[in-house]
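Read-outs: derived from the displayed coordinates by stated rules, not from any lab. All values reported here derive from a predicted model rather than from experimental measurement. Cβ coordinates were reconstructed from backbone atoms using ideal geometry, including for glycine residues, and neighbour counts include every protein chain displayed.
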Amino acid sequence: MSRLSLASLATASAAGLLVLSLGAHAQTPAPAGTNAASASATTTTAAATGAADKLHEADKTFIADGTQTVATQRDAARIADSRSSDRDVKAFAEKIVADYTKLSNSMRAASPRGVDVPRDDPDTAVLDSIKNLRGADFDKAYIEQVALAGQQKALSAFQAEIASGRDAGLKKAATEGLPVIQADIAKAKELAQRKHMAS
């Protein structure tokens, strides 16, 4: 046998051993017709669905309605920070962005493992109603429709979870978040009075 043939044979043998070695360390194969990524995604989705199905209806409502009202307040305040020229409105909006970002993070952290909590699911109708306004028209709409009326929705969602929720983590997040919302509503009422609006 020539030297070239022995080198080729050795290379082929090494490659074969590598393939066998990799095959021996591979995880259990996915069912026929699926790849490993889709099998993993299916398992994750099934776990999330199972966890969500076990939640009490009040907890599901809190996750859906609570996260939406929190996201709406936060995103509307961001719009206010860029659209308003009133320093009181801008200062209020900055506080709301900080407070409601923390509330959103708290709700996500408190949710049971495997339950999908929307991160960015604001009420677009509310945001659309203010995003093209400017000056005094913007300030009036923002204070009345968002700072006052919108925060009342957040307050109701958190109070409902405290009263009827069953998940300990979500109830704790609602209980800890409630004073923040109440304080922000009080500030919204003060702002409305300073701007001679009905609160």
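Packing, as the average of other Cβ atoms within 10 Å across residues, places the peptides 105-112, 136-143, 81-88 in the order 136-143, 105-112, 81-88, highest first.
FRET efficiency for the pair residue 163 and residue 64, taken as 1/(1 + (r/R0)^6) with r the Cβ-Cβ distance and R0 = 22 Å, rounds to 0.85.
Summarising the label geometry, the points placed 7 Å from Cα in the beta-carbon direction at residue 145 and residue 182 lie 3.0 nm from one another. Partner lysines whose Cα lies under 19 Å from the Cα of residue 54, excluding those fewer than 8 positions away in the same chain, are identified as 171, 172.
Say the cut-off is 19 Å between C-alpha atoms; which of 131/187; 90/131; 90/140 go over it? From the list (131/187; 90/131; 90/140), the Cα-Cα distance tops 19 Å for 131/187. With a Förster radius of 25 Å applied to the C-beta separation of residue 128 and residue 81, the computed FRET efficiency comes to 0.90.
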